[in-house]
Structures are given as C-alpha cells and as structure tokens.
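Structure first, commentary second.
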Amino acid sequence: MNFEDLGLNQHILESIQAMNFRQATPVQQLSIPHVLAGKDLIAVAQTGTGKTAAYLLPILQRITEGESPGKVNTLVLVPTRELALQIDQQLTGFSYFLSVSSCPCTAAVTALPGNSKRTVYCRALTSL
C-alpha cells in the first residue's frame, strides 16, 4: 500500500518521499488510519518495521489540522535517552515541510537505597 492511500496531507507525503520511504509497512497500514480517527493504539512489531512512523505520521497530520497552533500537542514517553533522540530525528525528517517543532527532553534518575525503580520513575515524572 502506498502512503498516498492512507489519507496523509501533501506536505507529509513530500517528507516521506524525501526520506526514501516508498510503501507503508503492515503496522503502518493498520495503525495510521486508526490514529487519524483519534483512537488509542497499542502496536507490537519487530524492530525495523516502521512503528515510529506508524504513530508519528498521523500525529503530525492531526497537529497540522488542529485548532491550537503554538501549543504543546503531544507528549511521547520512552524508556531511554537514545530512543528519545532517535524518535526526534525521525520527527524532524517527517515534519521537514511542516511548521512543527519538537524537543527531546531527557533526565537521569538515580535510585535511592530501598526505593524500587517504579517509585523513582513515578517521582521523576511528577517532579517535572
């Protein structure tokens, strides 16, 4: 299936083409229409199958069609600094022809003796 068949706007399609993406992967074919419809999504697929594009592309579409320009629209939480930077690089490419910006925010969390990792992560998120 071509990306054109998924209902993405022309600017996003130009970015996809500039990044040498030609065909939507199965996870993208199933996910993009779902997210464009405003529905929640949980997708599981192997590394390298296009999961990042599967949610970023429809999010970008929804942002560009939104009514609140200049405001924070989406927060993507990931477990590692490396993954945050990787996703930001993809977002930069996909939004090249759009008026959309992103900011990868990372923080180091050190566990204190006696605290579970879960407790430390919860404190870190609520302290922002």
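Since every read-out is calculated from the coordinates, none of them should be taken as a lab result. Because the structure is predicted, anything quoted here is derived from the model rather than measured. Glycine also receives a Cβ, built like all others from the backbone with ideal geometry; neighbour counts cover every protein chain displayed.
Things worth noting here:
- Residues His34, His11 arranged by fewest to most Cβ contacts within 10 Å: His34, His11
- Whether the range 1-84 is rounded, prolate or oblate, judged on the alpha carbon gyration tensor where a/c under 1.5 counts as rounded: rounded
- For Val76, Val35, Val44, order by how many other beta-carbon atoms lie within 10 Å, fewest first: Val44, Val76, Val35
- Loop-located trypsin sites (Lys or Arg not before Pro) in the range 46-96 (DSSP state other than H, G, I, E, B) with a sparse environment of at most 15 neighbouring Cβ atoms within 10 Å: Lys71.
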